[in-house]
Structure formats: C-alpha cells, structure tokens
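Asks: Got a structure for you, questions after.
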Amino acid sequence: MTPLRRTVIVLSLILLLWFAYRVFAVYTVRVGECKPKPVDPNLRLLTRDENGQIVSFPERIGYPAQTRPLIVMTYNIAGHDEVYDGNHVRKIAETIRQQHPDIVGLQEVHRKTWQSRFHDQALELQKLTGMNLFFGASFGEAGGGFGNALLTRGDILSATVHPLPSVGEPRSLIESVVRVDGAVLNVYVTHLTAWGRIKSVTATSMRRRSAMRSGSSASRTLRRSAARTSASPSPVCANASTTSGPITAGSLSLRTL
C-alpha cells in the first residue's frame with residue numbers, strides 16, 4: 001500500500017468517525033410547536049391596520065426618556081474557528097468593543113469543547129468585554145457545550161433556555177429580561193439553520209399559493225404572526241442569525257460589519 005493511499009484511508013476513516021459521532025451523539029429530531037404566551041387583554045391596546053383589521057399591541061408606559069439610540073448586535077462568532085486561530089475570541093471581543101453595543105446576541109458559542117481548544121468562549125468574552133453574560137446551551141458535546149449567549153452592559157433580570165423543534169443539530173432560544181438605562185426589555189437570542197431556511201421558503205411558497213387562492217395576502221399572515229409574538233408589556237428585541245459575522249442595529253439602521 002502506497003503512503004498516499006494509506007493517508008487517504010486514514011483521513012476517510014477520521015471523517016467517517018466524525019460524521020457517525022455527529023449523527024448518533026449530536027443530531028436529533030425534535031418536534032413541537034412554538035405557541036405565544038397568554039396575554040392579559042387589559043395590557044393591550046386595540047387599533048386597526050391599513051386593511052382595517054383589528055390588531056393589538058402591548059401598552060408600554062412609564063419608561064424613561066431615551067437619550068441615545070439602543071445599539072443591538074447579533075454575532076455568529078463561529079467558535080469552531082478557534083481550532084486553527086488561537087486569537088479568535090480576542091478578535092471577536094475587539095469587534096464587539098468597537099461597536100459599544102448595549103445588547104449582543106451570540107451564536108455558535110463553544111464552552112470547553114475540542115473545537116474551542118477546551119476554552120470557555122462565553123466566559124472569556126464576558127471578561128474581555130466587561131459585559132454581563134448568560135449562556136444557553138443547545139446541546140452538550142464531549143464534556144462541553146455549544147449554543148447561544150447574551151451579553152449586555154445592563155442587568156440580566158431573568159433568562160431561560162427553550163429547546164426548539166429541529167431536525168439535525170439541536171437548536172434553542174434564550175428568553176431573557178434585561179434592564180438597560182432603567183428600561184426593561186424582553187430579549188430573545190436564537191440560531192436558525194440553513195436547512196430550516198430552505199424548508200421555510202418552501203412553506204412560505206405554499207402559504208402564498210394558498211393565500212392567493214383564498215383571496216388573502218401572505219403579508220397579512222405575517223402581520224398577524226407579528227402581532228401574536230409582541231405579547232409582552234415590555235419592548236421586544238429579537239436577535240437571531242443564520243450566517244457568520246456581526247450585524248449591528250441602531251434605532252433606524254441595520255448594517256453588516
């Protein structure tokens with residue numbers, strides 16, 4: 001057997017073992033439905049949309065006057081890049097510090113996995129940025145964890161992790177309540193999937209065809225969904241990512257760094 005052939009066989013076996021580990025130890029099929037929480041109707045105001053349909057939204061009163069834009073950042077840090085780049089987390093922290101964000105949602109964060117060289121990326125980012133931290137694991141891996149994280153210069157009043165329906169790599173959502181400059185905000189952080197996007201596009205196309213047949217519009221369906229999700233009396237910040245890299249949002253702008 002030639003050295004080249006031996007090398008190819010060894011690499012193929014390593015790849016096969018890695019794939020088998022992911023399939024049997026990590027990947028899952030988790031079904032379920034994400035339903036909105038019940039809302040006290042006394043906390044909601046009624047109005048009508050541009051089509052005359054009755055919609056409601058939470059009444060938000062008693063908040064301090066806003067003196068500066070709220071800077072929200074979502075960042076898929078691709079924590080596995082630390083395998084070949086020992087300064088990966090420091091670069092991430094420097095990018096965050098340059099933006100001076102109030103809230104940061106992080107995806108693909110590793111805690112003591114082999115991909116992060118067994119480093120705790122969440123804790124390191126907390127120390128390097130000086131922000132408060134909550135980590136929400138999507139799944140455990142070889143003694144470590146992988147998931148999403150929330151960083152904020154404010155106070156994290158509460159936070160919990162919700163497993164999401166998923167096929168393949170498990171996904172989760174962080175539901176948290178954060179206080180920034182005296183204002184209490186509901187902050188959600190999640191990491192969506194590329195194959196989920198494909199299925200979503202297919203499902204959206206089917207809904208649009210159905211909507212056209214019934215004489216309604218897909219946009220009305222989306223507006224109704226948005227109305228159901230804004231169930232909290234506190235302002236809501238949804239923070240999600242499907243791709244690597246940072247995105248920041250000011251009061252009226254959204255940009256990819």
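Asks: Just add up the charged neighbours of G130: K/R +1, D/E -1, any other residue whose Cβ is under 9 Å from the Cβ of G130.
Replies: With Lys, Arg at +1 and Asp, Glu at -1, the neighbours total +3.
Asks: Scan around D120 for amide H atoms under 5 Å from its own, H built in the peptide plane at 1.01 Å from N, and keep only partners 5 or more places away or cross-chain.
Replies: Placed amide hydrogens put K112 under 5 Å from D120.
Asks: Separate question: For V187, which sequence-distant residues (separation of 5 or more, or a different chain) have an amide H within less than 5 Å of its own amide H, given hydrogens modelled in the peptide plane?
Replies: Under 5 Å from the amide H of V187 lie the amide H atoms of S176, V177, V178, C237, each far enough along the sequence or on another chain.
Asks: What FRET efficiency would be calculated for the residue pair V167, L17, taking the C-beta separation as r and a Förster radius of 22 Å, to the nearest 0.05? Let's see the in-between values first.
Replies: On the way: r = 22 Å, r/R0 = 1.02.
So, using R0 = 22 Å, E works out to roughly 0.45.
Asks: Could you derive backbone 3J(HN,Hα) for the range 83-91 from the dihedral phi with the Karplus parameters 6.51, -1.76 and 1.60 (θ = phi - 60°), listing whole Hz in sequence and x where the residue is Gly or Pro?
Replies: Each residue's phi maps through the Karplus curve to give 4, 10, 10, x, 9, 4, 5, 5, 5 Hz.
Asks: Oh, and also: If I model a spin label at E50 and A65 as a point 7 Å from the Cα along the Cα→Cβ vector, what separation in nanometres do I get?
Replies: The modelled label-to-label distance comes out at 3.3 nm.
Quick note: the coordinates plus some simple rules give every number you see, no bench work behind them. Bear in mind the structure is a predicted one, so any value in this text is a computation, not a measurement. Using ideal geometry, Cβ is built from the backbone for each residue, glycine included, and neighbour counts are taken over all protein chains shown.
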